[in-house]
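Peer 1: Sharing a structure with you now.
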2 protein chains.
Amino acid sequence: MLTGESKEHLLQHYPMLRELPAAERDALLSAANVMDIPAGTVIFDENQPCQGFPLLLSGSVRVSKSSPNGRELQLYRVGPGESCILTSSCLLGHSPYHARGIAERDTRMAVLAPTAFKTLIATCEPFRDYIFALFSERLTDLMQLVSAVAFQKLDQRLAALLVAKANPINTTHQALADELGSVREIVSRLLKNFAEQGWIRLGREQIEVIDVPALQRYAAL
Amino acid sequence: MLTGESKEHLLQHYPMLRELPAAERDALLSAANVMDIPAGTVIFDENQPCQGFPLLLSGSVRVSKSSPNGRELQLYRVGPGESCILTSSCLLGHSPYHARGIAERDTRMAVLAPTAFKTLIATCEPFRDYIFALFSERLTDLMQLVSAVAFQKLDQRLAALLVAKANPINTTHQALADELGSVREIVSRLLKNFAEQGWIRLGREQIEVIDVPALQRYAAL
DNA sequence: CCCGTTCTGTGACTTTCCTCACAGACAGCA
DNA sequence: TGCTGTCTGTGAGGAAAGTCACAGAACGGG
């Protein structure tokens, strides 16, 4: 059930819902329930059916694939106001999940029942547009990812990843490897190269990016 | 403009449009125009804006990414009744294409104006469901593809590709390589291995799959 | 039937990435 | 202060895949 505060919070992140007549909106949202999820929780996993349609209020979710031999590859990340399109996909395509979702930090989400979601899609054009735009974005992202994995060298992908993150980057080499679908040793070595070029400075659980343009140039080769 | 025959053709492939009141439907479809596209035509390419929403009537379209050094990787294929979701994505996400689409064979499609498409989505629930389901399917496919490219060996992917195709397979090694995102020499060598195992028989522009289970087993390792 | 084009086979070499193995560095805590 | 667990650095070795170079085979049109 959505309290007054959470509801305001939700409308803030999903402003397109304001377009809906208040009565109608309240009817739909009262059917939603708010979940608080501690960091590290596996929210969904491969081959599990989906129960509802989540709207993220705070925190973030890492969606990834993992290989039989323990490697991992991040597909994308979901932030507040973004909803988890993969779940929509499950609900709308009537298939189970094909990836794993883990809460990166403490996360709060409002989960809509499938019927409520369908009604929203049907009656609220801005919301529908929003969902389509999200789908579109994910599709584009994934196509980019496929082509990066297939055609780019790991060091270029790593360089791109480094410039994409907020500086300084507080993370382990292992986490970077998991994001790229590689292994720790390789990432360590490549980072060392970058450091020798003077592009970054390395510390424990910390990478300070010094020369953004150089990394960008290298990534774009 | 849609003639009576093409219209019937279209309704056959997109039955969900029958749900729409005939008058409304005709109004929308009269705004569509039918295009015949010879095999090999580049229908769209990276960084081009989109003009309309295509519904495939016959033929098929290969959607692929290509690398700077001439390699290519097939993202997916669009058949009749499938529409090209990538285009929807462009229209709905308001971004240009991020891949290339080539007609594999002679292809006929009805192109809807963006406004007509939007109206359809808004008013015809079965059509909307259908579009969502397509999105969902592509998303799933792409996630599978990413994980295959990242984690599987090329020979396994090749094996999977071989069993997925109709037997005998009439194609060149180069075409297979383009589908997998690799190069001709490697594919040739791997095929030779498979032939030596007695799993396939090789001919010019032809591959005869003999032992499907063996290939499947190998692909699933 | 000849000739050019396309397709295929193959060897030698290089690069990239992974695996294994282990050692040192650092942080936090008892 | 010492201990323990996590994080990082690094070398050796190997497998997978790409590159280059070229030769032979099959086909198809003139």
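Peer 1: Specify the residue that is farthest from DNA strand C (Cβ to nearest atom); the eligible residues are those in region A:167-188 that are in contact with a strand residue (DSSP E or B) (Cβ under 8 Å, 6 or more places away or on another chain) and over 20 Å from B:VAL146 (Cβ atoms).
Peer 2: The qualifying residue farthest from DNA strand C (Cβ to nearest atom) is A:ASN167.
Peer 1: Check whether at least one residue in region A:146-155 is surrounded by 17 or more Cβ atoms within 10 Å (Cβ to Cβ) and away from DNA strand C (no atom under 16 Å from the Cβ), and report yes or no.
Peer 2: Checking region A:146-155: not a single residue is surrounded by 17 or more Cβ atoms within 10 Å (Cβ to Cβ) and away from DNA strand C (no atom under 16 Å from the Cβ).
Peer 1: Next question. It is to be established whether one or more residues within region B:104-115 are among the small types (Gly, Ala, Ser), surrounded by 20 or more Cβ atoms within 10 Å (Cβ to Cβ), facing another protein chain (nearest Cβ under 7 Å) and not in a helix (DSSP H, G or I).
Peer 2: Filtering region B:104-115 for residues among the small types (Gly, Ala, Ser) gives B:110, B:113.
Filter once more, keeping what is surrounded by 20 or more Cβ atoms within 10 Å (Cβ to Cβ): B:110.
So of that shortlist, the ones also facing another protein chain (nearest Cβ under 7 Å) come out as none.
Within region B:104-115, not a single residue is among the small types (Gly, Ala, Ser), surrounded by 20 or more Cβ atoms within 10 Å (Cβ to Cβ), facing another protein chain (nearest Cβ under 7 Å) and not in a helix (DSSP H, G or I).
Peer 1: Quick one: count up the residues across region A:164-219 that are of a type in the set (Phe, Trp, Tyr) and either in contact with a Ser or Thr (Cβ under 6 Å, 6 or more places away or on another chain) or within 11 Å of DNA strand D (Cβ to nearest atom) (or both).
Peer 2: Just the residues of region A:164-219 that are of a type in the set (Phe, Trp, Tyr), to begin with: A:194, A:199, A:218.
So of that shortlist, the ones also either in contact with a Ser or Thr (Cβ under 6 Å, 6 or more places away or on another chain) or within 11 Å of DNA strand D (Cβ to nearest atom) (or both) come out as A:194.
Total meeting the criteria: 1.
Peer 1: Can A:ALA150 be described as in a helix (DSSP H, G or I) and either of a type in the set (D, E, K, R) or under 23 Å from A:TRP199 (Cα atoms) (or both)?
Peer 2: Criteria not met by A:ALA150.
Peer 1: Additional query: Only one of these conditions is not met by A:ALA133: (1) within 14 Å of chain B (Cβ to nearest Cβ); (2) touching a helix residue (DSSP H, G or I) at 6+ places or on another chain (Cβ under 6 Å); (3) surrounded by 17 or more Cβ atoms within 10 Å (Cβ to Cβ). Which number is it?
Peer 2: For A:ALA133, the exception is condition (3).
Peer 1: B:PRO126 versus (1) more than 10 Å from chain A (Cβ to nearest Cβ); (2) part of a helix (DSSP H, G or I); (3) within 13 Å of DNA strand C (Cβ to nearest atom): which is the lone unmet condition?
Peer 2: So the condition that B:PRO126 fails would be (3).
Peer 1: Go through region A:178-221 and count every residue that is in a strand (DSSP E or B) and buried (at least 16 other Cβ atoms within 10 Å of the Cβ).
Peer 2: Going through region A:178-221 one residue at a time, the tally reaches 3.
Peer 1: Ok, one more. Just name the residue that is surrounded by the fewest Cβ atoms within 10 Å (Cβ to Cβ) out of those in region A:37-60 that are closer than 10 Å to A:ARG100 by Cβ and within 15 Å of the chain's Cα centre (by Cα).
Peer 2: At the first step, the residues of region A:37-60 found to be closer than 10 Å to A:ARG100 by Cβ are A:42-46, A:48.
From the residues that got through so far, the ones that are within 15 Å of the chain's Cα centre (by Cα) too are A:42-45.
Values: A:VAL42: 11, A:ILE43: 21, A:PHE44: 22, A:ASP45: 14.
Filtering first and then ranking leaves A:VAL42.
Peer 1: Let me ask something else. Tell me the residue from B:ARG71, B:ARG77, B:ARG105, B:ARG100 that is within 15 Å of the chain's Cα centre (by Cα) and within 16 Å of DNA strand C (Cβ to nearest atom), please.
Peer 2: B:ARG105
Peer 1: Here's a check for you: in region A:199-221, which residue that is within 14 Å of chain B (Cβ to nearest Cβ) and within 15 Å of DNA strand C (Cβ to nearest atom) is modelled with the highest pLDDT? Talk me through it step by step, then tell me what you get.
Peer 2: Of all residues in region A:199-221, those within 14 Å of chain B (Cβ to nearest Cβ) come to A:219-221.
Still in the running and within 15 Å of DNA strand C (Cβ to nearest atom): A:219, A:221.
Values: A:ALA219: 95, A:LEU221: 85.
So, considering only residues that are within 14 Å of chain B (Cβ to nearest Cβ) and within 15 Å of DNA strand C (Cβ to nearest atom), the one modelled with the highest pLDDT is A:ALA219.
Peer 1: Is it true that B:ALA160 is more than 16 Å from DNA strand C (Cβ to nearest atom), in a helix (DSSP H, G or I), more than 9 Å from chain A (Cβ to nearest Cβ) and buried (at least 19 other Cβ atoms within 10 Å of the Cβ)?
Peer 2: Details: more than 16 Å from DNA strand C (Cβ to nearest atom): yes; in a helix (DSSP H, G or I): yes; more than 9 Å from chain A (Cβ to nearest Cβ): yes; buried (at least 19 other Cβ atoms within 10 Å of the Cβ): no.
Taking the combined requirement at face value, the residue does not satisfy it.
The values are calculated or read from the model by the stated rules, or taken from the named source; none is laboratory data. Since the structure is predicted, the reported quantities are computational estimates derived from the model, not experimental observations. Positions of Cβ are backbone-derived with ideal geometry, glycine not excepted, and every protein chain shown enters the neighbour counts.
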